[in-house]
Amino acid sequence: MAETPVSTTREDWVRTALQILVEEGAAAVKIMTLAKRMGCSRSNFYWFFKDREALLAELLAYWQARNTAAIIDRAARPAARISQGVLNIFDCWANPDLFDARLDFAVREWARRSAAVAAEVGRADSRRLDAIAALFTRFGASPTQAIVRARTLYFMQLGYYALDISETPAQRMALLSDYVLAFCGERPADADKDAFARRNLGSDG
């Protein structure tokens, strides 16, 4: 008996490719590998993409639209004080629905083997840093102070991911005030900490 053809969508191909990128790296994102995992014919791919390069470009666009856009959005959100603004950015680190750390790490690994991807990562880092620096500038930091504080905050978090540090939400919340103090020179108000916990943990801190 012939097998029933499997129907797929463009989103199915992108979602599966993202999974393989995170799990195995960019070199493993191949049309036949994707087709086998999805249980469909390789020819199905060409209904949605011209070639593998077009799919890889889509993965980079998704990464930018998710991870870079999240940081830019949170950094630009209204804040009554700098500590509140820093907590807005911390939403990205606390909420994987906003910022996918595993995807970010996978793209950076990909960049080690592709000059084009490395250039894209460099542009993304610049946009993220500019957005965070703009937050500090809004609260009176000089241009030099703003970029140094932005780099300290952002590069520290990248190092956190690179070292694969494992902490429970409770452990991170216990250090939250001191992290914010270290990054901006001001402790967050209790009300702001509670709001952060509700947004990201579903409870008061």
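Can you work out which of the residues in the stretch 131-155 that are among the aliphatic types (A, V, I, L, M) and touching a residue at least 24 places away in the same chain (Cβ under 8 Å) is surrounded by the fewest Cβ atoms within 10 Å (Cβ to Cβ)? Quick ask: steps written out before the conclusion?
Taking the stretch 131-155 first, the residues among the aliphatic types (A, V, I, L, M) are 131-135, 141, 146-148, 150, 153.
Adding the requirement that they be touching a residue at least 24 places away in the same chain (Cβ under 8 Å) leaves 131-132, 134-135, 153.
Details: ALA131: 20, ILE132: 26, ALA134: 16, LEU135: 24, LEU153: 24.
If we take residues in the stretch 131-155 being among the aliphatic types (A, V, I, L, M) and touching a residue at least 24 places away in the same chain (Cβ under 8 Å), then ALA134 is surrounded by the fewest Cβ atoms within 10 Å (Cβ to Cβ).
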- Note on the structure: Here, helices (runs of 4 or more DSSP H) confined to the stretch 1-91 with at least 2 residues that are of a type in the set (Val, Ile, Thr) and out of contact with any strand residue (DSSP E or B) (no Cβ under 6 Å at 6 or more places or on another chain) are 10-24, 31-38, 69-76
- Message: part of a helix (DSSP H, G or I) and either at pLDDT 95 or above or not acidic (Asp, Glu) (or both): is that true of ARG113 in this structure?
- Response: no
- Out of ALA27, ALA57, ALA65, ALA69, report the one residue that is small (Gly, Ala, Ser) and in contact (Cβ under 8 Å) with a residue 60 or more places away in the chain. ALA27
- Query: Within the set of pairs 6 or more residues apart or between chains, which connect a residue that is more than 20 Å from GLN157 (Cβ to Cβ) and in contact (Cβ under 8 Å) with a residue 12 or more places away in the chain inside the stretch 95-119 to a residue that is in a helix (DSSP H, G or I) and among the aromatic types (Phe, Trp, Tyr) with Cβ atoms less than 6 Å apart?
  - Reply: VAL117/TRP110
- Message: Here is a list: ARG172, ARG128. Which entry is under 19 Å from the mean Cα position of the chain (by Cα), touching a residue at least 60 places away in the same chain (Cβ under 8 Å), more than 26 Å from ALA65 (Cβ to Cβ) and not in a loop (DSSP other than H, G, I, E, B)?
- Response: ARG172
- Flag if ALA106 is in the same structural domain as ALA69 (by TED's automatic domain parsing), at pLDDT 95 or above, under 22 Å from ILE20 (Cα atoms) and of a type in the set (Gly, Ala, Ser): yes
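The values are calculated or read from the model by the stated rules, or taken from the named source; none is laboratory data. Here the structure is a predicted model, which means the values were calculated and not measured. Here the Cβ is made from the backbone with ideal geometry for all residues, glycine too, and neighbour counts use every protein chain on show.
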